[in-house]
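Visitor: The structure under discussion is supplied below as structure tokens; questions concerning it will follow.
The values are calculated or read from the model by the stated rules, or taken from the named source; none is laboratory data. Computed from a prediction, not measured in an experiment: that's the story for all the values here. Positions of Cβ are backbone-derived with ideal geometry, glycine not excepted, and every protein chain shown enters the neighbour counts. The accessibility values were calculated without ligands, DNA or RNA, using every heavy atom of the protein model including side chains. Shrake-Rupley method; radii C 1.70, N 1.55, O 1.52, S 1.80 Å.
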Amino acid sequence: MGKRNLLVTGGAGFIGSHVVRLLVNKYLDYCIINLDKLTYAGNLANLRDIEHKPNYRFVRADICDYDKMQEVFATYKIDGVIHLAAESHVDRSIKDPFVFARTNVLGTLTLLQVAKEYWNGDYEGKRFYHISTDEVYGALDFDGTLFQETTKYDPHSPYSASKASSDHFVRAFHDTYGMPTIVTNCSNNYGPYQFPEKLIPLFINNIRHGRPLPVYGKGENVRDWLYVEDHARAIDLIFHRGRIAETYNIGGNNEWKNIDLIRVLIKEVDRQLGRPEGTSERLITYVTDRAGHDLRYAIDSSKLQRELGWKPQLCFEEGIEKTVSWYLENQEWLDDVTSGAYRQYYESMYHNR
Ligand code: NAD
Ligand code: DAU
């Protein structure tokens, strides 16, 4: 494949920043345009190591802004989209569902419509790749079943309902207008640069500071954890070699009950801080369960493994060790995020633009 002008939305967020880093370092002849609104979850500090590379551009914009999206497509002659921008936290969606409908549904529809108009039926070499979640499939029981690409959608939270809706729009644009779309549904990611509202970074930070660890319900819910760089590698592979109009599930084949995972985190943080084993067990605090809390997620990614030869490279023990040490060594990043200092920097930088 030759030179490309690739639009990555949400590239200042957790997964997006890993995707942008991988693409910028790997495809020197591409132009990678990272478009991000810089909501509370977007942080340009996640990309400091690549921000001066000649094949990287950053645009601060809202994917719901139709005119701005038209301008970006025309200015950069966009021929491929990897769409990650979204509101991503389930607990926030329970408190304020509207922003999830706006960004995840209307924002995705805006991008689709602008891409359709800009490409104007010439789909040769074009691609619109939408990043979705396993949460659209609903919840599994403790019976060993896995989410397949064919599993019926059954979202329960406003977040997963908004992602499900965006997935439907993406597929509708293929079926109706012939847009060259691909959708992937991935399980829980973990690793560096994740906003510390999500379980793993929140708990690492709390353990470090001796703060309570709020375990929802009985801590029996199960998630399937994948190291974020393995997801980024899958996205690169699927963008370049995945089949148009297909869905691929991506997962770690790595199920953990929350409470067992929390004990692993406690052990690893205490070990890396030189504390006696078990020191932070006392921080475990059972709290009221999340409303509509999905019991279990688990992904069957055998289609992706079979068709494109992808598999996770990092085992969980290694991933957790790397992740814990990254957060402990990057206290400044965590402190800037938790104090809000990172926002002041952008607001002054983008003031009056
Ligand atoms: P994140 O919340 O860390 O980052 C989202 C990014 O999108 C932020 O940089 C934010 O500023 C940007 N954004 C939000 N609204 C925007 C708007 N209106 N216009 C432009 N930019 C906007 O999210 P994440 O965890 O990195 O997830 C990225 C994508 O992957 C999402 O689509 C999410 O649904 C999906 N996903 C996440 C996981 C996971 O475990 N985190 C798993 C599967 C799928
Ligand atoms: O499955 C993929 C999804 O994984 C992504 O689509 C979402 O964007 C991402 O946020 C994540 O959703 P979860 O709700 O599974 O992740 P979270 O880190 O919020 O919670 C993980 C589990 O831990 C879940 O069962 C709820 C529980 N939990 C979470 C928090 C923040 C707690 O017990 N206490 C907490 O404080």
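Visitor: Tell me the residue from R211, R171 that is within 29 Å of R306 (Cα to Cα), of a type outside the set (A, V, I, L, M) and surrounded by fewer than 18 Cβ atoms within 10 Å (Cβ to Cβ), please. Outline the logic, then answer.
Guide: Working: R211 fails: within 29 Å of R306 (Cα to Cα).
Only one candidate passes the filter, namely R171.
Visitor: Would you be able to tell me the number of residues in the range 297-353 that are modelled with pLDDT of 95 or more and assigned to a loop (DSSP other than H, G, I, E, B)?
Guide: Final tally of qualifying residues: 12.
Visitor: Consider N185 against the criteria (1) closer than 22 Å to E124 by Cα; (2) within 14 Å of ligand 2 (Cβ to nearest atom): it satisfies all of them except one. Which criterion is unmet?
Guide: For N185, the exception is condition (1).
Visitor: Say whether the condition of being touching a residue at least 40 places away in the same chain (Cβ under 8 Å), within 26 Å of L308 (Cα to Cα) and surrounded by fewer than 20 Cβ atoms within 10 Å (Cβ to Cβ) is met by at least one residue in the range 102-125.
Guide: yes
Visitor: Within the range 139-155, can you find the residues that are touching a helix residue (DSSP H, G or I) at 6+ places or on another chain (Cβ under 8 Å) and crowded, with 17+ Cβ neighbours inside 10 Å?
Guide: Listed by number, the residues that qualify are F147, E149, T151, P155.
Visitor: Could you tell me how many of the residues in the range 117-147 are part of a strand (DSSP E or B) and aliphatic (A, V, I, L, M)? Let's see the steps before the verdict.
Guide: Initial filter on the range 117-147 (part of a strand (DSSP E or B)): 127-133, 140, 147.
From what is left, the residues that are aliphatic (A, V, I, L, M) are 131, 140.
Number satisfying all stated conditions: 2.
Visitor: Considering the range 239-271 alone, what residues qualify as being open to solvent by 10 Å² or more (accessible area, probe 1.4 Å) and over 29 Å from E329 (Cα atoms)? If you could, list the steps in order and put the result at the bottom.
Guide: If we filter the range 239-271 for residues that are open to solvent by 10 Å² or more (accessible area, probe 1.4 Å), which is where we start, we get 240-241, 243-247, 252-260, 263-264, 267-268, 271.
Within the range 239-271, H240, R241, R243, I244, A245, E246, T247 meet the criteria.
Visitor: Now for a different question. From (1) among the charged types (D, E, K, R); (2) within 19 Å of the chain's Cα centre (by Cα); (3) at pLDDT below 95, pick out the condition that doesn't hold for D294.
Guide: Going through the list (1) among the charged types (D, E, K, R); (2) within 19 Å of the chain's Cα centre (by Cα); (3) at pLDDT below 95, D294 breaks only (3).
Visitor: Among the residues that make up the range 257-270, is at least one of them touching a helix residue (DSSP H, G or I) at 6+ places or on another chain (Cβ under 8 Å), away from ligand 2 (no atom under 16 Å from the Cβ) and at pLDDT 95 or above?
Guide: Within the range 257-270 (the criterion being touching a helix residue (DSSP H, G or I) at 6+ places or on another chain (Cβ under 8 Å), away from ligand 2 (no atom under 16 Å from the Cβ) and at pLDDT 95 or above), the answer is yes, since at least one residue qualifies.
Visitor: Looking at the range 245-263, which of its residues are aromatic (F, W, Y) and under 14 Å from D230 (Cβ atoms)?
Guide: As a first pass, look at the range 245-263 and keep what is aromatic (F, W, Y): 248, 256.
Hit for the range 245-263 is Y248, nothing else.
Visitor: Filter the helices (runs of 4 or more DSSP H) completely within the range 167-283 down to those with at least 3 residues that are within 14 Å of ligand 1 (Cβ to nearest atom).
Guide: Values: elements: 199-209, 228-241, 258-272.
Filter on the range 167-283 gives 199-209, 228-241.
Visitor: With the requirement that a residue be open to solvent by less than 30 Å² (accessible area, probe 1.4 Å) and closer than 20 Å to A41 by Cβ, what does the range 214-231 give you? Reasoning before the result, please.
Guide: Step one: filter the range 214-231 for residues open to solvent by less than 30 Å² (accessible area, probe 1.4 Å), giving 215, 217, 219, 221-228, 230-231.
Within the range 214-231, R223, W225, L226, Y227, V228, H231 qualify.
Visitor: If T285 satisfies every condition in (1) touching a Pro at 6+ places or on another chain (Cβ under 6 Å); (2) of a type in the set (S, T, N, Q); (3) surrounded by 20 or more Cβ atoms within 10 Å (Cβ to Cβ) but one, which is the exception?
Guide: Of everything listed in (1) touching a Pro at 6+ places or on another chain (Cβ under 6 Å); (2) of a type in the set (S, T, N, Q); (3) surrounded by 20 or more Cβ atoms within 10 Å (Cβ to Cβ), T285 misses just condition (3).
Visitor: If you don't mind, there's one more thing I want to ask. Please report, ordered by residue number, the strands (runs of 3 or more DSSP E) entirely within the range 17-98 with at least 3 residues that are surrounded by fewer than 18 Cβ atoms within 10 Å (Cβ to Cβ), among the charged types (D, E, K, R) and over 14 Å from the mean Cα position of the chain (by Cα). Before the answer, list the steps.
Guide: On the way: elements: 31-36, 56-60, 80-83.
So the answer is none; nothing clears 3.
Visitor: Follow-up question, since we're still on this one. Please specify each residue of the range 192-205 satisfying the condition of being near ligand 2 (Cβ under 9 Å from one of its atoms) and either polar (S, T, N, Q) or more than 26 Å from L22 (Cα to Cα) (or both).
Guide: Passing the criteria: Q194, F203.
Visitor: Any residue in the range 219-237 that is of a type in the set (D, E) sitting within a Cβ distance under 6 Å of a residue that is within 11 Å of ligand 1 (Cβ to nearest atom)? List the pairs, counting only those 6 or more apart or interchain.
Guide: Qualifying pairs under 6 Å: D224/S187; D224/G251; D224/G252; D224/Y297; D224/I299; E229/H18.
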